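**Q** Below are the structure tokens for one structure; questions will follow.
The values are calculated or read from the model by the stated rules, or taken from the named source; none is laboratory data. Model, not experiment: these values are computed from the prediction. Glycine gets a Cβ as well: all are built from the backbone with ideal geometry, and neighbour counts include every protein chain shown. All accessible areas refer to the heavy atoms of the entire protein, side chains included, with ligands and DNA or RNA removed. Shrake-Rupley method; radii C 1.70, N 1.55, O 1.52, S 1.80 Å.
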Amino acid sequence: MSRSGFGDDPRNGGILSGLRVVECGEGISAAFGAKLMADLGADVIKVEDPAGDILRHRGPFAPDEKPDPEYSGLFLHLNANKRGITLDLTAPSSKAAFDRLLSSADILIHNVHPADHLIRGLDGATLSKKFPSLITVGISPFGDSGPRRNWKAYPLNIENAGGMAFLAPGASEYPDLPPLRAFGDQADYQGGLHACFAALAMYLNRLSGGAPSSIDVSQQECIAAMLEMNLMHFTYAGRETSRLGKRVIGPWLLSECRDGHAFVACAEEPQWQRMVELMGNPEWTHEELFKDRIARGANSDALNLFMREWMASWNKEELFHAGQAKRIPFAKVNTMSDICADAQLNHRAYFFELDHPGREKVRVPGAPSRYGVDQLITRTPAPRLGQHNDEVLGTNANGARKFSASSTSSSGSLPLARIRILDFTWAWAGPFATLQMAHMGAEVLRIESERRVCITRAIPPFADDVPGPNRAGYFNQYNQGKRSITLNLADPAGLQVAYDLVPHCDVVIENFAGGVANKMGLGYEKLRQLRPDIVMLSMSGYGQDGPYRGYLGYGPPAAALSGFFFTTGYRGMAPMELGTSYMDPNAGIFGAIAVMNALIHRKKTGQGQYIDQSQLETAVQLIAEGLLQYQITGKEPERVGNHHPIMSPHNTYKAAGDSDKWVSIAVANDNEWRALCSVMGRAELAHDSRFSTPLARKQNEDDLDSIISEWTRTRDRWQVAEDLQRAGVAAFPSMSNKDLASDEHLRERGYLVRLHHPEVGQRTHVGIPWTLDGKPCRVTSPAPVRGADTNAVLSKLLGYSREKIEQLRKVGALG
């Protein structure tokens, strides 16, 4: 039977089967967020303007063929498993058809700029009144409120606005070179990921009788939430961080091998001791200069001379495996060719084969998480422009969604208010996942140990530079809104407390290395005996099977292995690091999405499940454009600094002021180019044959950058940005941690958080990168003092007596 307003979905299966999604806009962010749902069985209708999505013109295209909008590799990847229609949302004649679609949809996800919401009928408040059962998710550069709501920005500008670019490349030795964007449009991917998570959390809430909401996702805030401990270096210790200078600890090194590059970072002292053993215990390693990780960081110039000489004698593959065999976090810097041939990814059958019209199939990133229930769907290729117009628009709208709130629901409660998480994670990736769920109202019980303190409690910055486990800004940022329980899981009595907690929890999350949870007695088979419908997520570096199963995995090694170091860098220079451990929070938001999918499945079926997530596989999700370029064109992506495949100018330029003030400028079309020329007082450049077309500007990009740099270097970065924004040109300063901490737009949107912490007082943290129904979402509580909630949880939730708790503490089970 036809589903009115949507027509028949030709696919079947998937854990999101039955979910109906409408996607609007163009580019990556909304398409990627909707793709994550389509790949699990959601019926996604992609609404394009009659001229088509801009991604249809981006490629990559085969070099021997004329670019065809139906053959664009990135469009085909991001829009597989969807159906597509064309509607001009600015035309009154399209309103009725669009209303029919929305009346039978569960979720609308779009990235239409706030300035165009009204003319396109996408105002969230209006849609909520018109379609009470619809969840609306809008993605925009700066959100749909605040003084910069109408500012224009492309991913380059957003990475600078969110502080990510200012930190890259990490430990740079090139102060005259600009802050550096990561390969690909990462601000768009993160906007899509956060929108997907928020939409699914709201959908789960609606399935439980909660009221839908209009969700506003700010890409600037998504990026600012992923800066590791950098913001807290300023708000806790008054230090302004940048990409320049040395790493705090050592060794932390990206270096040349015989056949490429490899990366190593020893965050813990035992890793260094094993490194010394691998190097043959050379005499220099015992010098006072290298006595501990902080000393090695301070003396990294000397350390790196020795390390580079030693690493240059290895092949990168051999060094990777030899180091990992000794539990040292080495990684090879993979090319796209390396990724396609990677033993771990192929063992886990990670890649999907993508239909490419007129060519052989190409391999693209597959599922970012492995679910314990059948997630297979009948895969379909991306739609041709307007392919499903008759099928979708020809249906009658007599199947509108109906909604009535449950009598037990509270209009003021957050979407996950009835969900409890048992959190065994540590470091950054896992805590970032549980932080997202805390932001949506889940009760998160963070299990800690006094015997093995979380590394984020043990490294700077500390409040006022006074060390202490409750004074660490890194921990206090990513554990807001959680509760802390201390357990000694190596003690049978402590492990039993964990077992007693499981029946009271909906979700268990851990991020140990592959197989470690089972060895600890915390495997899924054991936990499901305690609660049959439990959802368990294991977040490891490489997954629970395969040749890398037990290897150490952090964010930087994942960036090396996933191709980001290889593709990121200035033109003509060696591969470079990203400025943060970006793949950690990226894995975290993917993990939060996976949990939402599993909880939705449980709500519909009553079944719990086990989810196996590999950090490497979530990282490769974001490098798809590079993989497509390699396979379709036969060439590895070049490192091009801040330049873009088709846009020009597209760079970050020196501004007036001290030596590290920069402003990003990006131009997508001729109108924006003419506006830029006018603001610069160089109207004649618009007619200069070197720059008169987009192709000409790309071919003469170096000359263009020189002209713009000459103009910006005598002007204040904010004045440049404001003048260009008034003319409709995307521009934004490159923001430091100090800039972000005092940003008026972020403050007005309620994004900057200042809650009272019992040991550090009020410190500024970043908050929640989305709003609900036009209102800021508030962090409920500061990060917990270690073990602060042990007694309360054990007594109130488990019913333990005071005597039992004291006895457990006396025998060391609660430490």
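**Q** DSSP loop GluC sites (Glu not before Pro) in region 593-657 with at most 15 other Cβ atoms within 10 Å of their Cβ, which ones? Spell out each step's value before the answer.
**A** Values: sites: 617, 625, 638; in loops: 638.
Passing sites in region 593-657 are 638.
**Q** Further question: Efficiency by 1/(1 + (r/R0)^6): what FRET value for residue 493 and residue 286, r their Cβ-Cβ distance, R0 = 35 Å, to the nearest 0.05? Provide the component values of the computation, followed by the final result.
**A** Working: r = 42 Å, r/R0 = 1.20.
My answer for the efficiency is 0.25.
**Q** Separate question: Could you bin all the Cα-Cα distances of region 469-621 into 5 Å bins starting at 0 and give me the percent of pairs in each, rounded to whole numbers?
**A** 2, 8, 15, 17, 18, 17, 11, 6, 3, 2, 1, 0
**Q** Could you tell me the accessible area of residue 554 in Å² (1.4 Å probe, neighbours in place), rounded to the nearest ten?
**A** Its accessible surface works out to 60 Å², give or take rounding.
**Q** Bin width 10 Å, alpha-carbon pairs only: give the P(r) of region 708-815 as whole percents, running from 0 to the bin holding the largest distance.
**A** Taking all Cα pairs of region 708-815, the binned fractions are 11, 24, 22, 18, 12, 6, 6, 0 percent.
**Q** Working out 0.36 nm times the residue gap between residue 88 and residue 177, then minus their Cα-Cα distance, what length gain in nm do you get to one decimal?
**A** Values: separation 89, 0.36 × 89 = 32.04 nm, distance 4.29 nm.
Net length gain for the segment: 27.7 nm.
**Q** Calculate the dipole size of region 487-570 relative to its Cα centre from +1 charges on Lys and Arg beta carbons and -1 charges on Asp and Glu beta carbons; express the result in debye to the nearest 20. All intermediate terms of the calculation are to be shown ahead of the outcome.
**A** Numbers: 5 positive and 7 negative charges, 37 e Å.
Around 180 debye, computed over region 487-570.
**Q** Using only the alpha-carbon atoms of region 1-157, report the extent along each of the three principal axes, biggest first, to the nearest angstrom.
**A** Result, largest extent first: 51, 47, 31 Å.
**Q** Would you mind getting the accessible area per residue of the chain, heavy atoms of the protein chains only, 1.4 Å probe, in Å²? If you can, show how the numbers build up before the last one.
**A** Numbers: 28850 Å² over 815 residues.
Per residue, the chain has 35 Å² of solvent-accessible surface.
**Q** Using a 1.4 Å probe and ignoring any ligands, DNA or RNA, find the accessible area of residue 145 and quote it in Å² to the nearest 10.
**A** 40 Å²
**Q** Which three extents, in angstrom, do the Cα atoms of the chain have along their principal axes, listed largest first?
**A** Largest to smallest, the principal-axis extents are 75, 65, 51 Å.
**Q** Sticking with this structure for a sec: Let me have the relative contact order for the chain, percent, based on Cα pairs under 8 Å that are six or more residues apart.
**A** On the way: 1850 pairs, mean separation 146.4, N = 815.
Computed over the chain, the figure is 18 percent.
**Q** Shifting gears a bit: Cα atoms only: what Rg and Dmax, in Å, come out for region 621-775?
**A** Just the Cα atoms of region 621-775 yield Rg and Dmax of 19.6, 64 Å.
**Q** Can you compute the radius of gyration and Dmax for region 260-321, using only the Cα atoms, both in Å?
**A** That works out to 11.4, 32 Å for Rg and Dmax.
**Q** Further question: Want the number for residue 607 to residue 545: 0.36 nm per residue separation, take away the alpha-carbon distance, what's left? Walk me through the intermediate numbers first.
**A** Numbers: separation 62, 0.36 × 62 = 22.32 nm, distance 2.37 nm.
Full extension from residue 607 to residue 545 adds 20.0 nm.
**Q** At 0.692 mPa s and 37 °C, plugging the Kirkwood radius over alpha-carbon pairs of region 569-702 into Stokes-Einstein gives what diffusion coefficient in µm²/s?
**A** 173 µm²/s
**Q** By DSSP, what percent of the beta bridges with both residues in the chain are antiparallel, rounded to the nearest 5? Spell out each step's value before the answer.
**A** On the way: 34 of 79 bridges.
Beta bridges within the chain, antiparallel portion: roughly 45 percent.
**Q** While we're on this one: Kindly sort 781, 614 by accessible area of their heavy atoms, largest first, with the probe set to 1.4 Å. If you can, show how the numbers build up before the last one.
**A** Working: 781 35, 614 0 Å².
Descending accessible area places them as 781, 614.
**Q** For a label point 7 angstrom out from the Cα of residue 57 toward its Cβ, which stretches of region 692-710 have the backbone nitrogen within less than 20 Å?
**A** Within reach of a label on residue 57: 692-701.
**Q** Next up: Using only the Cα atoms of region 757-814, what do you get for the radius of gyration and for Dmax, in Å?
**A** Spelled out, the Cα radius of gyration and Dmax of region 757-814 are 17.1, 51 Å.
**Q** Evaluate the Debye formula for region 287-359 with equal point scatterers sitting on the alpha carbons, no solvent, and hand back log10 of I(q)/I(0) at q = 0.23, 0.24 Å⁻¹, in q order, two decimals.
**A** -1.14, -1.18
**Q** Work out the length of the dipole vector of the chain about its Cα centre, built from +1 on the beta-carbon of each Lys and Arg and -1 on the beta-carbon of each Asp and Glu, and round it to the nearest 20 debye.
**A** Working: 87 positive and 92 negative charges, 474 e Å.
Approximately 2280 debye in magnitude.
**Q** Another question, if that's okay. Please work out whether region 539-596 counts as rounded, prolate or oblate from its C-alpha gyration tensor, where a ≥ b ≥ c are the square roots of the eigenvalues and a/c under 1.5 means rounded, while otherwise a/b larger than b/c means prolate and anything else oblate? Before the final figure, lay out each step's value.
**A** Values: a/c = 3.00, a/b = 1.63, b/c = 1.84.
It comes out oblate by the Cα gyration axes.
**Q** So what is log10(I(q)/I(0)) for region 107-230 at q = 0.09, 0.13, 0.20 1/Å, when the Debye sum runs over its Cα atoms only?
**A** At q = 0.09, 0.13, 0.20 Å⁻¹ the computed log10 ratios are -0.30, -0.57, -1.07.
**Q** Also: Output the DSSP H helices from the chain with an along-axis C-alpha extent of no less than 24 Å and a mean Kyte-Doolittle hydropathy no less than -1.0. Kindly include the intermediate steps, with their values, before the conclusion.
**A** On the way: long enough: 186-207 (31 Å, 0.29); 583-605 (33 Å, 0.27).
Qualifying helices, which must be both long enough and hydrophobic enough, are 186-207, 583-605.
**Q** Take residue 573, project a point 7 Å from its Cα along the Cβ direction, then tell me which residues of region 179-201 have their backbone nitrogen under 20 Å from it.
**A** Residues 179-186 qualify, since their backbone N sits under 20 Å from the label point.
**Q** Which sequence of 352, 691 reflects their accessible areas, 1.4 Å probe, from the largest down?
**A** Details: 352 60, 691 0 Å².
Largest accessible area first, the residues go 352, 691.
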